[in-house]
Amino acid sequence: MKFRLVSLLCSLASFTAFALPQAYVTNEKDNTISIIDMQSFDVVDTIDVGERPRGFILSADQRHAYICASDADRIQIMDLSNHTIVGDLPSGADPETIALHPNGTTIYTANEDDALLTVIDIPSGEVISQIDVGVEPEGLAVSHDGKMMVVTSETTNMVHWIDTQTHENVANSLVDARPRDAHFTMDDKYLWVSSEIGGTVSIFDTQTKQKVHTLSFEIKGVYRDKVQPVGIVLMKDSPYAFVALGPANRIAVINTETFKIEDYILVGRRVWQLAFNEDQSLLLSTNGVSGDVSIINTTSHKVEHTVKVGRYPWGVAVKWK
Amino acid sequence: MTVHCSSTLLRAINFVCLKSAVASLGGVKHGLMKTLLLSTCTLLALSTYTYAQEIRSDIDTISILHIQLLQPSTPGTPSYLKRPVNNGVAGAAIAIEDANITGKFLSYQLSMQSLSAPTITEIKTQLNEPNYHNANAILLDAPSSDFQAAISVLQQRLPEAVIFNIANSDDALRTLSCGIPLVHSIPSYQMKADALAQWFRVKRIKEILALHGKHHNDMAFLSAFKQSAKKFKLELVDVKQWSDSFDLRRAAFSEIPQFTRTKTRYDAVFTADFDAQFAYALPFNTYYQVPVVGDAGLKSLGWHATHEQWGARQLQNRFTETFNRPMNEVDFAAYLSVISAATAIQQMTSDARTSDTKVGQSLALTLLNDGFTVAAYRGRPLSIRPSTKQIRQPITLAHEDALVTHAPLEGFLHQNDELDTLGNINTTCAKHNN
């Protein structure tokens, strides 16, 4: 009887380990990825990956993940059915973030140490182009129609607009100090960019490439220099954006129609990157200093779970397919 | 040594020198070659070098001039603690590179020349050369004794240029900033002393023994620390000057306990020793076994190689890869000066950038404008104090192997800016001897 119970538990456990949805979190200082079961909100597995994993994205079919192993100077490809590394992409030195073109075969990566944007063709594993950008390129975003992509450079304080057909740098817009994350709105009309040291989020018109809005944040009891916007996510069907505010330990909830900041959600220390689950009912945040992930209800803005992961969680993505 | 040079050869040597005067010969592996280059470079160090960089004529150029008054080295400083030959200018070189990547997109570029000499008179003579007359910003590395004279010369020769003090922490120099565009990018001793005092408060350390050497800066640091002690309610059990009478590298273990013996017990030792004459021998040798802070042990600095947060690791990597040595606070102050100038240039109109004589003036106006801030890997925007023209910045508390923390420490509050818990905010103005 005892044996049966144990084996039942074991099979349950292994079932749980592969049950979807699951969240993947890169732990920058542990060289691992934590996998969180999105039903039990437990860490069900921890996988070793390349040195200093940061950016993490899923392929469109969610069968593979692309991981920036920054100190290993490569992008690792992981087969998500068995969590094995099945290949590398030639990322150039120190890849920090990655973005996938909607065609599913072109991947962009920013090489922080070389002031370059590298464009890679996934099937052939070849570098198609390297484009000179500003110092310490960081945030990447591809428009939903796939025609335009942007890269932000942290020390140059710019958004570089790149034509995805010609790989030409077509425009450069100045933005507040130390731009980090960038996101196109669903209709591709606007681009949102966070500035960590500037303490702002800038909204650009993608036609004119001009700044049309600047959001700044004032939180009672939090010193203004601690408000450092980093990760941004925009909801698909609802007019809301969430912006992680770094050492302010909060996420701002912004109405994208009125540009009003409607709420601040208190999460873990040094909140960094954000991701939604499939129906966007839940938002996940990586909290670098406290080494955990907050799981937030996107309607009530309540933190429903806090999941301890590895040291310095950085990238996050949810797999549901 | 006679060096017979054709002009091409001289240019080539000059180039090697700037790469190596600048790269501290780190890249040159061959011993003999190194010696040869060093001696050749020393000859040239007394004159000048121009940065071999591609200058485009079609975009606005802002000229930076690095001026170093060479100080005679004090005997007794261990060779491993001597300041690198490219101190400061190496940080500026990295900043120029960074700024020009940005400038490429915004049609401006920075160029840099460097001159060094042991006396003000020689600097003055060299400044007669027409190629220095277009300098818009000066990075000044000068000792307190010559500082005011250097400022006077610069005010005469290059009245429009913004001057950055990149290497001298002496608080007295902050009183020279009234009415002239003299910006202090290196933190003042008062900022450094306040940072240490905050750490003492947090650690509940109260009784301190203060030790100092003979250098002018040692007295300046000590006097700042006395101010901090008053402000943060610390007690100095004794103040002693190092007598300099024996070779510490052999006798430290027996001599330092004697030197640090006091009637009253202390909980920590503060030391001011600009020229590395004795402070390095204090840790683990003091009469009472206590932490050593200041110019040895726990140092309070504008920058340290162990600082990696807020993207600093990227800058540290770029620096170490280029110059084969860690980046120090003078390198960072030079970096910060150039990046501040570049940030100001971005905010200037193209007209203001090109009008021949007024570039320096508009640069100063933009820099000293109320809302001006600059991002420089310190986790918060840095601004300039209007009265002392000191760049507000956190102070890094670190020992050789690790970062301890950044001041201001949590809990030390100020009504305007937490960074104003460090250093003097206001100053009385000194008279200029123009």
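No value in this document is a laboratory result; all are computed from the given coordinates. Predicted, not measured: the structure shown is a model, and the values here were computed from it. All Cβ positions, glycine included, derive from the backbone under ideal geometry; neighbour counts span all protein chains shown.
What the table shows:
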read-out: Sparse-neighbour loop sites [chymotrypsin sites (Phe, Trp or Tyr not before Pro); region A:231-321; at most 14 other C-beta within 10 Å; DSSP]; value: A:259, A:320
read-out: Cα gyration tensor, chain A - rounded (a/c under 1.5), prolate or oblate; value: oblate
read-out: Virtual spin-label span in nm between residue A:213 and residue A:279, 7 Å along Cα→Cβ; value: 2.7
read-out: GNM flexibility winner over chain A from A:178, A:63, A:250 (Cα, springs under 10 Å); value: A:63
read-out: Global geometry of region B:105-175, whether rounded, prolate or oblate, following the gyration tensor of its Cα atoms and the 1.5 cut on a/c; value: oblate
read-out: Of the GluC sites (Glu not before Pro) in region A:180-289, those whose Cβ has at most 14 other Cβ within 10 Å and which sit in DSSP loop; value: A:218, A:257, A:278
read-out: Relative contact order (%) - criterion: Cα under 8 Å, at least six apart; region: region A:164-321; value: 12
read-out: 15 Å Cα-Cα reach of residue B:214 towards aspartates and glutamates, excluding residues that sit fewer than 8 places from it in its own chain; value: B:170, B:244, B:273, B:275, B:295
read-out: Charge dipole magnitude, Cβ of K and R +1, D and E -1 - region B:312-434, Cα centre, debye nearest 20; value: 300
read-out: Normalised contact order of chain A, rounded percent, pairs of Cα under 8 Å and 6 or more residues apart; value: 13
read-out: Rounded Å value of the spacing that divides the Cα centres of region A:44-101 and region B:82-114; value: 35
read-out: For the protein assembly as shown, calculated [θ]222 nm from helices alone, where every DSSP H run of n ≥ 4 adds -39500 (n - 2.57); value: -7500 deg cm²/dmol
read-out: Distance from region A:128-183 to region B:341-381 (C-alpha centre basis), Å; value: 24
read-out: Under the Karplus curve 6.51 cos²θ - 1.76 cosθ + 1.60, θ = phi - 60°, whole-Hz ³J(HN,Hα) for region A:158-163, x wherever Gly or Pro sits; value: 9, 10, 9, 9, 10, 6
read-out: Cα centre as origin, Lys/Arg/Asp/Glu Cβ charges: the protein assembly as shown dipole, Debye; value: 2340
read-out: Phi-based couplings in Hz for region A:133-145 (Karplus 6.51, -1.76, 1.60; Gly and Pro marked x); value: 10, x, 6, 6, x, 9, x, 10, 8, 10, 5, 5, 7
read-out: Three-way shape label, the protein assembly as shown, alpha-carbon gyration tensor, a/c 1.5; value: prolate
read-out: Part-to-part distance (alpha-carbon centres) for region B:194-214 and region B:266-317, which is given in Å; value: 12
read-out: Whole-number percent relative contact order across region B:160-201, with pairs defined as alpha carbons under 8 Å at least 6 apart; value: 43
read-out: Under 21 Å between alpha carbons - lysine pairs in region A:176-275 that sit 8 or more apart or on different chains; value: 8
